[in-house]
Amino acid sequence: MALRNILEFGDKTLNKVCRPVKDFNKRLHILLDDMKDTLLDAEGLGLAAPQVGVLRRVVVVIDINKEAEYEEDKIIELVNPEIIYTEGEQEGMEGCLSLPGEFGIVKRPNIVKVRAFDRYGQEFEYTGEGLTARCFCHELDHLDGHLYTERASRMLTPEELDEMRGDAE
Ligand code: NI
């Protein structure tokens, strides 16, 4: 298991557009494995390659709706993903491992279908709902250098954050 360092807000790498993966090789597999380890360790729901300093179109997302005994088996690997269909709308709280402790209110579609490649270069489609749909949008935005803060209608106030952590008086 290898953990990678997660870049934080302000690092210019997070604002760059990522290049597609061309070689589905060992190097990609190591990147995906490390990203999964890093995501589980950070207890996040999604992670994009630029967040670990790699400017390639690769993301991992935990599909909380997926039936699996282990958290690790709920992780969806998406290489060169594209959104091909969206439906509905949801407004809710969103956070990012690159902005620890912050949350904002963001509108996203409620259903998001993506087309992507797996680690072996096999094309597939996957439909995410609710939080997973939100995650797909959030992580794919990272690949184009966008952070949710650009899309948030507002950020949570320090008081709201206190309340969320449950340490408000
Ligand atoms: Ni993020």
Among residues of segment 90-103 being within 15 Å of the chain's Cα centre (by Cα) and not hydrophobic (A, V, I, L, M, F, W, C), the residue farthest from the ligand (Cβ to nearest atom) is P100
Scanning segment 121-156 for residues that are within 14 Å of the ligand (Cβ to nearest atom), among the charged types (D, E, K, R) and buried (at least 16 other Cβ atoms within 10 Å of the Cβ) gives R134, E139, D141, R151
Here the qualifying pairs (Cβ atoms under 7 Å; residues six or more apart or on different chains; first in segment 89-100 and farther than 13 Å from H142 by Cα; second near the ligand (Cβ under 8 Å from one of its atoms) and not hydroxyl-bearing (S, T, Y)) come out as E94/H138
Among residues of segment 3-50 being part of a loop (DSSP other than H, G, I, E, B) and open to solvent by less than 40 Å² (accessible area, probe 1.4 Å), the residue nearest to Y70 (Cα to Cα) is G44
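Yes or no, residue by residue, for (1) among the β-branched types (V, I, T); (2) touching a strand residue (DSSP E or B) at 6+ places or on another chain (Cβ under 7 Å):
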| site | (1), (2) |
| --- | --- |
| I84 | yes, yes |
| M93 | no, yes |
| A116 | no, yes |
| T127 | yes, yes |
| L140 | no, yes |
| T149 | yes, yes |
| S153 | no, yes |
| L161 | no, no |
Of those in segment 24-68 that are among the hydrophobic types (A, V, I, L, M, F, W, C) and at pLDDT below 95, the residue nearest to the chain's Cα centre (by Cα) is I64
Filter segment 51-73 for residues that are surrounded by 17 or more Cβ atoms within 10 Å (Cβ to Cβ) and over 18 Å from V21 (Cβ atoms); the one that is farthest from the ligand (Cβ to nearest atom) is D63
If we keep only residues of segment 85-113 that are assigned to a loop (DSSP other than H, G, I, E, B) and within 12 Å of A133 (Cα to Cα), then the residue least open to solvent (accessible area, probe 1.4 Å) is P109
When segment 59-84 is checked residue by residue, the ones that are among the β-branched types (V, I, T) and not in a strand (DSSP E or B) are I64
Selection from segment 101-122 of residues over 16 Å from E160 (Cα atoms) and without any contact (Cβ under 8 Å) to a residue 60 or more places away in the chain yields K107, R108, P109, N110, I111, V112, K113, V114, R115, A116, D118, Q122
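The values are calculated or read from the model by the stated rules, or taken from the named source; none is laboratory data. Predicted, not measured: the structure shown is a model, and the values here were computed from it. Cβ sites come from the backbone with ideal geometry, for glycine too, and all protein chains shown count toward neighbours. To get the accessible areas, we keep the full protein, side chains included, count just its heavy atoms, and leave off ligands, DNA and RNA. Shrake-Rupley method; radii C 1.70, N 1.55, O 1.52, S 1.80 Å.
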